[in-house]
Each structure stands twice: as structure tokens, then as C-alpha cells.
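Read the figures in this text as sums done on the coordinates, not as results from a lab. Given the structure is predicted, the values throughout are model-derived calculations rather than measurements. Neighbour counts are summed over all protein chains in view; Cβ atoms, including those assigned to glycine, are modelled from backbone coordinates with ideal geometry.
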Amino acid sequence: MIVLGIETSCDETSAAVVQSFKDDAGRHRNRVCSNVVYSQIARHKPYGGVVPEIASRAHVELLPKILEDALAQSGFVWSDLDAVAVTHGPGLASSLLIGLNAAKALAMRLDIPLIPVNHLKAHLFSAFLGEDAPTVEEVCPALALLVSGGHTCLVEMTDPHTFRLLGETLDDAAGEALDKGASLMDLGYPGGPIIEKTAKNRNAAFVSFPRGMKQRGGSPFQKNPMPQEYTFSFSGVKTALRYYLQQHPEVMTNGALPDVVASYQEAICDALADRTEQALKNESFTSLVCGGGVLRNGCLRGKLADLAAAYGIRLRIAEPAYCTDNAAMVAAFGATFDEAMLDPGAMGIDIDPNLPLTSSC
Ligand code: KG4
Ligand code: ZN
């Protein structure tokens, strides 16, 4: 099956072609034939964060050429495509609309199925992309950790379509905390990669930042109470950083800022590893699967590798190129929909900016 993927949920405009097939043992494998990703960072940088109107206008401008490039690089022609998969949520409403409408037009013109894809499920499926990637059959059921700019959660992943939520953040996502922390320290945007670079080889024990409210009760806003030991909270560490900077303004100029940055990164990565460890302790998982933009972070990857070694479990973290938003993960996840799973009403589907990981599609 040859699937075209389209991703426009935030500030990356991306199109990809993925070929999926069964190997000799009957396991589902993917080959990424092309994955064109245009990051709009330069366009949003002057504003210190993503401006939704600029993002959607950029998607309109860039997507046609990116689609042509993705197809050309794949070596296929339009008539070779078997389906179009597209992110329809969660994300920025005005950005999702551009990708979804382009996908609908293509599916109609080529007379092939449209597969609306949940961006969060695609992030977790990104772990199964790449030359050395294991298959779902080899890894699931698994504990799955999703850490992106908008989401932080721990789930049980039975297969690419079946999830049980174990814990999620009560407030900010980890990526959001990194981005906002970087902004407080005047480091620029996007915060995550700058924090990682600045923290390299610096003293992560310089400041002891909080690791989230592990023992306090869940949020009153939570619809489904979760075991407290699996929930995350990153607004406290961000506030602690703010107070620290107010009380120690000298670190902005005396050369100690990279140590503060390293300590901040360490606190966030520790909290992520700690909740993951709780789930490994309490449940009987034999594998850990991780995806999302923050998984590009070497400090976090290292902590998860240590955990996996300590608990003797198989660890699969998405390859760095597939951690941040990309259309290859959308196309590959789309290819897991067999004929019976395709929604005959897909052409009528709308965007859903708040689509949860546990949605039915
Ligand atoms: O998954 P993603 O591309 O977009 C969302 O779906 O949110 O994740 C973006 C997030 C941003 O918060 C960004 O700062 C963070 O991933 N990120 C990183 C790194 N690269 C990107 N965080 C820490 N270290 C990195 N190297
Ligand atoms: Zn994402």
C-alpha cells in the first residue's frame, strides 16, 4: 500500500510518501519513500512563538510545492497512490484546515480513500519508522510515553489503534514548559533545542527545581481521575524558574545561566523518567515506546535508556528525525487502517483541534 501523508497541525508543513508491506513473517513494515518537512521557525521567531495566522498562511503558500516534492522524491506518480492520510486534530484550527482540505481535494481527484489521522497516535507510531525499527507485533503491548509541545502522557498501547490512558499532565506539557522556560531566560524560540544546546556539559545540580506534584491529588478539572503517581505537572517548575530568576538576576550576566538551564532541563527530564518508572514498577510491561518532539532531547533519551536497562525492557524511541512533526508518521499510521477500518464518511469529517489520544479515529 502506498500512502501520501499530510501534516499541517502546527508550524511544520510536511508531506510524505510511505509504502507499507508485510514481511516474510507476516509483520507490518514501512518504507519511508520521501518525507519533506518545512519548518516555519524563521517566520515565527520574531514573535517568540507560533502565530496561528502566520502558520496557516504559510501552509497555504508552501503545501502545493511540498506535495509535488514529496511525490517526486518518492519516485512514484499520483496514480500510484492508494490513499491520502492527513492530520485532522489535535492542533491549530486554522492550520489543520489547510491540510485537511488539500487532502480531501486530492482524495477526490485521485478517487482514493481519505484517512483522517489523530496527530497523537501518529507521534506514537513514529517509533515504528526507520531502517532498524521494530514492528508493532514485536513490541506491543507496550508502555508508551508521548512528550510533545502540547501533550505529555503515559498510555498502555495494545496496538496502533488501542490505548489506555495511564496518566497525563495536569497543566503544561513538558515541551511547553521548555519553550516557556527558554523565553523566561531570554534564550529564544523554540526553547527545547536551545535549552539542550545551552545545557550541554553544564552543572545540572546548580539549582534544585521541583519535579512536579507527585503525591498531591489530581486536578479537579480532570474528567477521569488517574493514579496520582502517573500524572505530570510542569507549571510548578516554570514558576520556580521565574522566582529563581527574580531572586538571582545576576545569573543572566555572570556566566551561570547555562547551569540554571541545565538544572531546569534536568528537573523536567527527571519528572518524565520518574512517572515512567512508576508505571514500569506497577504494571508488567516488557517494552517502552516513546515519541514526540521532546524525545529529540539527549538528556531524556539517556534517562529512558537507563530505565530500560534497569528494568530489563525493550526500549524504542522514535528516531530524532521522526520525533518532531512530520508527515511520514501520518502516512505510516494511515497505512495501518485496513479496508474494514476505513470510514466511508471520511470526506465529510471536520478538523478537531482538541482531539484526544483516546478518540475512536
Ligand atoms: O511534537 P512536536 O514537534 O510538536 C507538537 O506536536 O507539539 O514537539 C515540539 C516540541 C517543542 O516544545 C520543542 O521545544 C520540543 O518539542 N523539542 C525539544 C527538542 N526539540 C524539539 N525539546 C527538548 N530538546 C530538544 N532537542
Ligand atoms: Zn506534534
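With the simple model of a label 7 Å out from the Cα in the direction of the Cβ, Thr135 to Arg43 spans 4.0 nm.
Taking every C-alpha pair closer than 8 Å and separated by at least 6 residues, the mean separation divided by the residue count of region 258-355 gives a relative contact order of 26 percent. In terms of distances greater than 30 angstrom between alpha carbons, the cross-link table entries Lys45/Lys121; Lys238/Lys281; Lys22/Lys303; Lys65/Lys238; Lys65/Lys121; Lys104/Lys197 yield Lys22/Lys303; Lys65/Lys238; Lys104/Lys197. Each peptide in 148-154, 278-284 receives the mean, over its residues, of other Cβ atoms within 10 Å, and ordering these scores from highest gives 148-154, 278-284. Model label points for Glu53 and Glu68, set 7 angstrom from Cα along the Cα-to-Cβ axis, are 2.9 nm apart. Once you have the Kirkwood Rh of region 164-320 from its Cα pairs, apply Stokes-Einstein at 10 °C and 1.306 mPa s and quote D in µm²/s. Stokes-Einstein gives a translational diffusion coefficient of 98 µm²/s. Hydrophobic, long helices, defined as DSSP H runs whose alpha-carbon span along the helix axis is 24 Å or greater and whose mean Kyte-Doolittle value is at least 0.0, occur in the chain at 52-74, 93-110. At an R0 of 22 angstrom, the distance between the Cβ atoms of Ala205 and Glu283 translates into a FRET efficiency of 0.10. Working from label points 7 Å from Cα in the Cα-to-Cβ sense, the Leu342 to Trp78 distance is 1.9 nm.
The length gained by stretching the chain between Ala309 and Ser183 to full extension, at 0.36 nm per residue less their Cα-Cα distance, is 41.9 nm.
Taking 0.36 nm per residue of separation and subtracting the Cα-Cα distance, full extension of the segment from Arg242 to Lys22 would add 74.0 nm. Diffusion of region 1-144 by Stokes-Einstein, at 4 °C in a medium of 1.567 mPa s and with Rh set to the Kirkwood radius over alpha-carbon pairs, works out to 81 µm²/s. Every pair of different Cα atoms in region 236-361 enters the Kirkwood calculation, which places the hydrodynamic radius at 18.2 Å. In region 96-216, the inverse of the mean reciprocal separation of distinct Cα atoms equals 17.7 Å; this is its Kirkwood hydrodynamic radius. Evaluating kT/(6 pi eta Rh) at 10 °C and 1.306 mPa s, with the Kirkwood radius of region 21-84 over Cα pairs in the Stokes-Einstein relation, gives 109 µm² s⁻¹. Pairs of Cα atoms in the chain fall into 10 Å distance bins, from 0 up to the last occupied one, in shares of 5, 25, 32, 25, 10, 2, 0 percent. When only Cα pairs below 8 angstrom with a gap of at least 6 residues are kept, the chain shows a relative contact order of 25 percent. The mean sequence distance of close C-alpha pairs (under 8 Å, at least 6 residues apart), as a share of the length of region 71-161, puts its relative contact order at 22 percent.
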